[in-house]
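Values in this text are rule-based calculations from the coordinates and carry no lab data. Computed from a predicted structure; not experimentally measured. Counting neighbours? That spans all protein chains shown, and the Cβs are built from the backbone with ideal geometry, glycine included.
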Amino acid sequence: MISSAPWQWTLLATVLVGCARAGAPLAPAPTPTAGGAAVAFNAAVTQPQRAPLQALVDSLTQLPQFANMHWGVLIVAPERGDTLATHNADRLVMPASNMKLITAAVSLAQLGPAYRWTTTFTRTGAIVDGTLRGDLVIEGRGDPSISTAMRGADPLRAFAPLVAALQAAGIRRIEGRVRASATRAFPGSPLGFGWEWDDLNEDYGAGVAELLFEEGFTTLHVAGCTRAGRAACVTTSPLRGAPVIRSSVTVRSAGTGEPLLTWWRDSAAVPGITIHGTIAAGDSTTFTAAQPDARVTYIAAVTEALTRAGIRVRGARLPATRAITVTVHLSPTLAEMLPALQKPSQNQIAEVLFRTLGLEKTGVGSPDSGRVVVERQLKQWGVRDEGRAIRDGSGLSRHDYLTPSTIIQVLDAMRRAPTFTVYREALPLAGVDGTLRTRMQAFAQGRVQAKTGTIDKARALSGYVTTADGELLLFSIIANNFTVPTRQVDAATEVIVERLVKLQRAAP
């Protein structure tokens, strides 16, 4: 598990020294506060088991290279109600994507695993000789499933029921526009509170709306397809014609190095993506970028799907008339969506869920309303007000804070919930898939189901581990404000997890 890197040998040696000094009795560990239906954890665990584990945590968190940072650690055995190790468990830390543990848990509790998003397509105007003399109007409620991640290589196939309904009505041409309903299920900014400016052009920083295609981002392919001094070729996918691309990328001589590109979302009258830079002749590169306007891209996707099916859209502005329902699309269930959220740590699905909680439970699909619903559910699970500060659903905000105790209380509430299997199986599996696919393969493959978390100066891992004798443990390990390489934080975390995997209950 430990490679020959010098800092890793130092880490291991220091931990072994700390554990060797662990023979003295330890004071009882602080316990997470639990109220309502939550389980209270105590320190009444056999000393032969607890002392080495607590000593290991103490040794790791006190290493010299971690002296300027903050650790939050809590490990419990829920069936026994025992706290096995703790460090700053009741202090707030920035959770990064561990916030998704909260969003997913509250969504299952409040919406249920069978919840589906609906998208309603209506038409205005009459149908005359195969022509709809009106508009096709889309009223969305946030369905995040129209993407290659959920639908395969061609997400436009998701609009097949719409195409079939229009063809069944005899429509071969739409005189008016394909447009979004005036109703905005998700009012306000498409971005989360406290998101960093530098993230907003990246795919993980894409905003969300009640109409969302390809999880809010677009794939761009730039090729040095011409000779030096001429314009490069830029194409987009999965849509061919959206979003609008404004490119000033030029071609250099062949063999002159890597592509040098910058891009940003353009706030011009027609939203698009601007790309600037150079690329060598014969070279190419592919990257993803945030869409400038999710609603505009969704409408372009519907239009492209119709055009592909032979239904032409003229786009004329016609007087509004009474709306008639064409079809209503249903998304996959929430239970089917959760792996697409948790395993790759997908921010936009989390933000849609956050707003959906507000929409379904308060009537307003805003982040503030979503926060009210989340905080109300956490209180029912016994989480204290001072144990959380929540501003978005994904953890991308640098204003999100949780205590390890709060995370453990939520993990335990879900352990006792009828939806536990759905919740747990959606998490990355160590050494197998998601953000843990390449981690802990040597000692924890298939034994740890946990959520990772990463933003600048924050690294987290929380979830469930099955010990050597089959006992289920809950753990939360979060590091903040470190200046060492992230791999050193990961190594310390994985030393603890390896001990948990190999743990066996002491004999009575």
Discussion item. Which of rounded, prolate or oblate describes segment 118-330 when judged by the alpha-carbon gyration tensor and an a/c cut-off of 1.5?
Written reply: prolate
Fill in: Antiparallel DSSP beta bridges within the chain, as percent of all bridges there, nearest 5
80
Worksheet item: Out of ALA85, PHE475, GLY176, whose Cα points farthest toward the positive end of the dipole of the chain (charges: +1 Lys, Arg; -1 Asp, Glu; placed on Cβ)?
Response: GLY176
Fill in: Descending principal axes extents, the chain, alpha-carbon based, whole Å
88, 59, 34
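Rank the residues ASP293, ASP456, ASP199 as a footprinting-exposure proxy: fewest other Cβ atoms within 10 Å of their Cβ go first.
Lowest count first: ASP456, ASP199, ASP293.
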Worksheet item: Quick one: if the Förster radius is 35 Å, what FRET efficiency do THR219 and GLU375 give, using the C-beta to C-beta distance and rounding to 0.05?
Response: 0.45
Worksheet, complete the sentence: Least to most buried among HIS70, HIS399, by other C-beta atoms within 10 Å and fewest first, runs HIS399, HIS70
Practice prompt. Compute the acute angle (0 to 90°) between the alpha-carbon long axis of helix 47-61 and the principal axis of greatest extent of the alpha-carbon atoms of the chain; round to the nearest 10°.
Written response: 60
Worksheet, complete the sentence: The extension gain from ARG172 to MET69, computed as 0.36 nm times the residue separation minus the Cα-Cα distance, is 30.7 nm
Worksheet item: Taking the simple approach of a point 7 Å from Cα along Cα-to-Cβ for both SER284 and ARG308, what is their distance in nm?
Response: 1.9
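Using the Cα centre of segment 149-252 as the reference point, and only Cβ charges (+1 on K/R, -1 on D/E), how large is the resulting charge dipole? Debye, rounded to the nearest 20. Could you put the intermediate results ahead of the total?
Working: 12 positive and 10 negative charges, 163 e Å.
Roughly 780 debye for segment 149-252.
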Discussion item. Between segment 220-276 and segment 420-489, what is the separation of their alpha carbon centroids in Å?
Written reply: 38
Discussion item. Net charge within 14 Å of PHE213 by Cβ-Cβ distance, Lys/Arg positive one each and Asp/Glu negative one each, not counting PHE213 itself?
Written reply: -4
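Let me have the 222 nm mean residue ellipticity of the chain computed from DSSP H runs of 4+ only, each contributing -39500 (n - 2.57), with the sum over all residues rounded to the nearest 500.
The helix-only estimate for the chain comes to -9000 deg cm²/dmol at 222 nm.
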Discussion item. I'd like to know which of ALA300, PRO187, GLY310 lies farthest towards the positive end of the charge dipole of segment 118-330, counting +1 on Cβ of Lys and Arg and -1 on Cβ of Asp and Glu.
Written reply: GLY310
Response to the item:
Yeah, segment 406-466 with a ≥ b ≥ c from its alpha-carbon gyration tensor (a/c under 1.5 is rounded, else prolate when a/b outruns b/c, oblate otherwise) is oblate
Worksheet item: Using the 10 angstrom Cβ neighbour count as an exposure proxy, how do ILE407, ILE146 rank, fewest first?
Response: ILE146, ILE407
Discussion item. I want the antiparallel fraction of DSSP beta bridges within segment 118-330, as a percent rounded to 5.
Written reply: 70
Worksheet item: Could you give the dipole magnitude of the chain about its Cα centre, charging the beta-carbon of Lys and Arg +1 and that of Asp and Glu -1, in debye to the nearest 20?
Response: 980
Item to complete: Would you mind working out the magnitude of the charge dipole of segment 424-508 relative to its Cα centre, with +1 at each Lys and Arg C-beta and -1 at each Asp and Glu C-beta, to the nearest 20 Debye?
Response: 100
Discussion item. Projecting each Cα onto the charge dipole of segment 224-361 (Lys/Arg +1, Asp/Glu -1 at the beta carbon, about the Cα centre), which of THR321, GLY282, GLY255 comes out farthest on the positive side?
Written reply: THR321
Response to the item:
One finds, for GLU471 and ALA114 with R0 = 35 angstrom and r their Cβ-Cβ distance, a FRET efficiency to the nearest 0.05 of 0.65
Worksheet entry | Rg over Rh, two decimals, segment 132-235 (C-alpha only, Kirkwood Rh) | 1.07
Worksheet entry | Estimated FRET transfer efficiency (THR148, GLN441; beta-carbon r; R0 35 Å; 0.05) | 0.85
Worksheet item: Which GluC sites (Glu not before Pro) does segment 169-232 hold that lie in a coil by DSSP with at most 16 other beta carbons within 10 Å?
Response: GLU196, GLU202
